[in-house]
Ligand code: NDP
């Protein structure tokens, strides 16, 4: 993504500090991302890993090597050697000021460090204060992981703590979904095609359905997941960011401000979700996951109906669902269009699909359109066909989201990061359903979630790809 004009002259970061270097995110995403950046010649700065473990720098390098190999990255010894030579490990507890003194000594003469908070969200404020306590806040940038707060009020409080030491322009609230190829591509395809825009509104769209399904469970992250659940883990952030990108008006220009203004307006126009339209589920076997509290009522599945009171979307239901241990791993957005006013040759009560557009975000990245045509042959019966790029053109060939977003933060370009107001609006939208909800409904692993979620979309034709008759 090119730097927006207002940020092109910002200094590039000269040090990357990875808090949480021994954690899951660092292992799966951050080490592979910095390695890819180094391979492309875009890193070339010192990298300090910080964590509790009593490691040496050699241990950190070995941990990074194993993580990169495990993620299946194509090996480039020279690039890894350059990265390894730039790495330093600092061990310590974030609750202790001595940790930040050690960090300051390791940081040397940095002018513009970038600090990645790959740590439990409960530690964000403590670490920001620790950085400021040793004067490393000067010229610095923060990459803050999600969830940003636990609700609206705690997010306000966290913003206030961060703003005591860091300007809003120094805070990069990361949501790696926004860095995904399919979502960046949506910005281009929506506004570059004159034929798309006239379709994209309440006149022609009957509903929008967004799914983030994972075929795996919480695995070894039971303690972390049990304290957040699907709503805080992915719905308040990833799914609402997807809504904002799909539903926003065209930004007035390509600047970070213009894009973030439009995203903010969509979220501001969303109604607070009614608890009557919220379904929670928990997969069978979740309670046996190590780290999960006995009798936990944490949701591993959530689905809700969202209304956007804007001139473009008023009256169009948006259905959002996210779940673990589901039938498939797939993230997608389906835009369903209204039926024509007087369809010819379509029998009454026919189950032919509506026209729809499907944007697959994961595992592949492509758009597909479902159209109706006459079934070839004597009769006039219509059939549905899907127009989509061939399989070899569907792969997500762009940089990995973390690779792209770390690079953007190092350049100081906030375009793809969540601004303070959008995070607060997201919490406002879900604020009632964070506390007013029914007990979780059980669902079988490998299914499409609890029965209640099917009821939510029944009048609009069900969830996409759901087997007939509801969940299996
Ligand atoms: P982990 O629990 O795996 O890692 C947390 C890290 O913080 C570990 O390095 C841990 O060190 C360290 N840590 C915790 N407490 C302290 C402390 N008091 N002092 C020093 N170090 C401490 O979490 P994840 O990596 O899974 O998640 C980190 C963040 O990233 C969260 O905000 C999460 O929401 C976000 N995220 C995670 C994703 C993932 O796939 N894992 C995806 C997207 C976002 P130690 O190991 O020594 O305890």
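All of the numbers you see were taken from the coordinates with simple rules; none came from a lab. Because the structure is predicted, anything quoted here is derived from the model rather than measured. For neighbour counting, all protein chains shown are included, and Cβ atoms are generated from backbone atoms with ideal geometry for every residue, glycine included.
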In nm, what is the difference between 0.36 nm times the number of residues separating residue 101 and residue 59 and their Cα-Cα distance?
-> 13.0 nm
State the extension gain, in nm to one decimal, for the chain segment bounded by residue 352 and residue 393, taking 0.36 nm per residue of separation less the distance between their alpha-carbons.
-> 12.0 nm
For residue 93 and residue 201, compute 0.36 nm times the residue count separating them, minus their Cα-Cα distance, and round to one decimal in nm.
-> 33.8 nm
One finds, for residue 111 and residue 268 with R0 = 30 angstrom and r their Cβ-Cβ distance, a FRET efficiency to the nearest 0.05 of 0.20
What percent does the relative contact order of the chain come to when contacts are Cα pairs within less than 8 Å and at least six residues apart?
-> 19
Value in Å of the Kirkwood radius, where the range 165-217 supplies the Cα pairs that are averaged = 14.7
Specify the inter-centroid distance of the range 109-156 and the range 283-301, based on alpha-carbon positions, in whole Å.
-> 30
Cα centroid distance between the range 50-103 and the range 325-394, in Å?
-> 47
Going fewest to most other Cβ atoms within 10 Å around each Cβ, 239, 352, 162 line up as 352, 162, 239
Cβ-based exposure ranking for 101, 276, in which fewest neighbours within 10 Å come first | 276, 101
Please label the shape of the range 339-451 as rounded, prolate or oblate, based on the square roots a ≥ b ≥ c of the eigenvalues of the alpha-carbon gyration tensor (a/c under 1.5 means rounded; beyond that, a/b larger than b/c means prolate, else oblate).
-> oblate
Mean Cα-pair separation over length for the range 306-451, i.e. relative contact order, pairs under 8 Å, 6 or more apart, % | 19
Between residue 384 and residue 40, what FRET efficiency comes out of the Förster formula 1/(1 + (r/R0)^6) with R0 = 51 Å and r the beta carbon distance, rounded to 0.05?
-> 0.75
Divide by every residue of the chain the summed helix terms, -39500 (n - 2.57) for each DSSP H run of at least 4, and state the resulting mean residue ellipticity at 222 nm, rounded to the nearest 500 deg cm²/dmol.
-> -9000 deg cm²/dmol
Pairwise FRET efficiency - residue 12 versus residue 52, Cβ, R0 = 25 Å, nearest 0.05 = 0.25
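What whole-number volume per residue, in cubic angstrom, does the convex hull of the C-alpha atoms of the chain give?
152
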Using a basic spin-label model with each label point 7 Å from the Cα along Cα→Cβ, how many nm lie between residue 309 and residue 436?
-> 1.5
Could you check what % of the DSSP bridge pairs in the chain are antiparallel, to the nearest 5?
-> 55
